[in-house]
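Everything on this sheet refers to the single structure shown next.
Every number in this text was worked out from the coordinates using simple rules, so none of it is lab data. For clarity, every value in this text was computed on a predicted model and none was experimentally measured. Here Cβ is always computed from backbone atoms with ideal geometry, including for glycine, and neighbour counts include all displayed protein chains.
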Amino acid sequence: MQTKLEDEIPALINALKNNNEYVRKRAVEAIGKIAEANPGNKEVLEAIPALITALKDKGWSVRLSAAVAIGNIGVNDEQFETILRMLKKGETSEERHGAAMALDELKNLKAIPALITALKDEDIDVRRSAAEAIREIAEANPGNKEVLEAIPALITALKDKFDYVQKRAAEAIGKIGVNDEQFETIVRMLKEGETYKERHGAAMALDELKNLKAIPALITALKDEDIVVQWTAAEAIGKIAEANPGNKEVLEAITALINALKDVNPDVRRSAAEAIGKIAEANPGNKEVLEAIPALITALKDKFDYVQKRAAEAIGKISEKLVDEHIKLAEQAIEKGEFEEALKAIRTATITITKFYKDVFLMEKKINKTMGNDRYLLAKRREILEKLQTLTNRIYEIMEKERPRNPLNENEPMKWKLPKKDENKNQNTKSKQII
C-alpha cells in the first residue's frame with residue numbers, strides 16, 4: 001500500500017511541467033514544505049532531479065523557489081556537480097541564474113571558483129546572484145581560505161555597470177574583509193577611478209568595510225563631480241561613525257558634511273544630514289557636532305521634505321545624547337535606592353533639554369526668519385520630557401510604597417512630626433547665656 005508521500009511527490013513533480021508559472025511555483029514550494037516536515041525521506045530525495053531541472057525555468061519565482069527547496073533538502077556530490085556545470089556551461093541565462101541561486105542556498109565552499117567565474121557572466125542577474133552566493137558562503141564559512149580567494153574578483157565587480165551587482169559585491173567584500181593591500185586598492189579606486197561607476201562601487205565597499213582609515217578619502221569624495229558618489233560617500237561616513245563610537249577621526253568629516261548640506265542636489269543634502277546625525281549618536285555632546293546645529297537648522301527650510309526630516313532627526317539625536325548620561329545616572333541611582341541623586345540627575349537633564357530646544361527654536365527664528373519643519377523637533381522634545389517625567393513618577397511611587405504605614409489604619413501613611421521643643425529647657429539655656 002502506497003504512503004501519502006508516495007502519492008503526493010509524483011503529483012507535484014508532474015505539476016512542475018504545467019504551463020502556468022504560478023502552478024509550477026506552488027508545486028516547488030509544496031515539495032519544499034514536505035521536505036521540511038520529512039527530512040531525509042526517500043520520496044523527498046527523489047524529487048531533487050526535478051527541482052534541479054526547475055532551476056532552468058523561465059519564471060524567476062520558480063527558479064528561486066526551486067533553489068530554496070534544494071538548499072533545504074540538500075544534494076549529493078553528483079547533484080552538486082550537476083548544478084556547478086549548469087552555472088559554468090548553462091546555455092541560457094535562466095539556467096545559470098538558477099544554478100547560482102541554488103549554490104547560494106547550499107553554501108558549499110567548493111562552489112567558490114565557479115562563482116568567481118560567474119562574476120564575469122554576460123547576464124546581470126547571474127553576476128548579481130554569484131556575488132550574493134559568495135557573500136552567503138562567506139558568512140557561513142568565516143575566514144576560510146577559499147572565500148578569501150574571491151576578493152580580487154569582487155573588487156573588479158565593484159566596477160560593474162549595474163548598481164545592484166556593485167552593491168552585492170560590496171556586501172560580499174564587507175562580509176569577508178580585506179587585507180591592507182586590497183583596502184588601499186579600493187581607496188585608490190575611490191580617489192582615482194576613471195568612471196563614476198568605479199568610484200561609486202569603491203564608496204559602497206568602504207561603507208561595508210567601516211574602516212576609519214577610509215575617512216580622508218571619503219571626505220574628498222564629498223566633492224566628487226558625480227552626485228551618486230557624493231551621497232554614497234556621505235552614507236559611508238555615517239556608517240563608519242556608527243561602527244566606531246567615540247572615535248574622534250570621524251569628527252574630521254563634520255565641516256565637509258556641513259558644506260554638503262548646501263549642495264545643489266537634495267540627495268546629497270539628505271545623506272549629509274543623516275551622516276551628521278549618526279556622528280552625533282557616536283560622539284555625544286562633542287563640540288564639532290554642536291557646531292553643525294546652525295547648518296541643520298537652515299536645512300529645516302529645505303525645499304524637499306525628506307531633507308527637512310533628516311535634518312530634524314539629526315538635531316533630535318544630538319539632543320537625546322545630551323541627556324542620555326543623566327538618564328543612565330538616574331536609573332542607576334533608582335536601582336540603588338538613592339532617590340535624591342536620581343531626582344538631581346533628572347532635574348539636570350530637564351534643564352539641559354529645555355535650554356537646548358529653547359536655543360534651537362530661537363536660533364531657527366533668527367536664521368530662517370520663520371519656523372521651519374518643527375513637528376519632529378516638538379515631538380522629540382515631548383518624548384524626552386515624558387521619559388524624564390516617567391522616571392520621576394517611578395521614584396515617587398517607590399518612595400510612597402516604602403513609607404511606614406499607620407498601625408491604626410493601613411491605608412493611611414504615617415505622618416512624621418518633629419519632636420516638640422522643651423520650652424523649659426530652652427528657657428534655662430537662655431538664662432544661662434544671659435548669666
Using 1/(1 + (r/R0)^6) with R0 = 25 angstrom and r between the beta carbons of Lys107 and Ala37, what's the FRET efficiency to the nearest 0.05? 0.70
Expressed as a rounded percentage, what relative contact order does region 186-291 have, with Cα pairs under 8 Å and six or more residues apart? 24 percent
For the pair Lys328 and Glu400, what calculated FRET efficiency results from E = 1/(1 + (r/R0)^6), where r is the Cβ-Cβ distance and R0 = 30 Å, to the nearest 0.05? 0.80
List the lysines whose alpha-carbon lies under 22 Å from that of Lys107, not counting same-chain residues fewer than 8 positions away? Lys33, Lys56, Lys88, Lys89, Lys120, Lys145, Lys167, Lys175
Checked against the positive end of the charge dipole of the chain (+1 on Cβ of Lys and Arg, -1 on Cβ of Asp and Glu, about the Cα centre), the farthest of Val23, Ala333, Ala295 is Ala333
Over region 146-239, calculate the relative contact order: mean separation of alpha carbon pairs under 8 Å at least 6 apart, over the residue count, as a percent. 26 percent
Mind checking region 114-174 for GluC sites (Glu not before Pro) that DSSP puts in a loop (not H, G, I, E or B) and that have at most 14 other Cβ atoms within 10 Å? Glu122, Glu149
List the relative contact order of the chain as a percent without decimals, with contacts defined as Cα pairs under 8 Å and 6+ residues apart. 7 percent
Using a simple spin-label model with points 7 Å from Cα along the Cα→Cβ vector, what separation in nm is obtained for Asp374 and Arg85? 7.3 nm
To make sure I understand, if each residue's beta carbon is the centre and we count other beta carbons within 10 Å, what order do Ile116, Ile346 fall in, fewest to most? Ile116, Ile346
Nearest-0.05 FRET efficiency for Ala140 and Glu181, computed from C-beta distance (R0 30 Å): 0.70
Say we join alpha carbon atoms closer than 10 Å with springs in a Gaussian network model of the chain; which of Ile215, Ile151, Ile367 then has the biggest fluctuation? Ile367
Over all directions, the chain yields a Cα convex hull whose mean projected area in nm² is 39.3 nm²
Among Met101, Met363, what is the fewest-to-most ranking by other Cβ atoms within 10 Å? Met363, Met101
Can you give me the distance in nm between label points at Arg382 and Lys355, each placed 7 Å from the Cα along the Cα-to-Cβ direction? 2.6 nm
In nm, the gap between the two label points placed 7 Å beyond Cα toward Cβ at Glu78 and Ile227 is 5.8 nm
Residue separation times 0.36 nm, minus the C-alpha to C-alpha distance between Val264 and Asn247: what's the value? 3.1 nm
Quick shape check on region 284-324: root eigenvalues a ≥ b ≥ c of the Cα gyration tensor, a/c under 1.5 is rounded, otherwise prolate if a/b tops b/c, else oblate, and it reads oblate
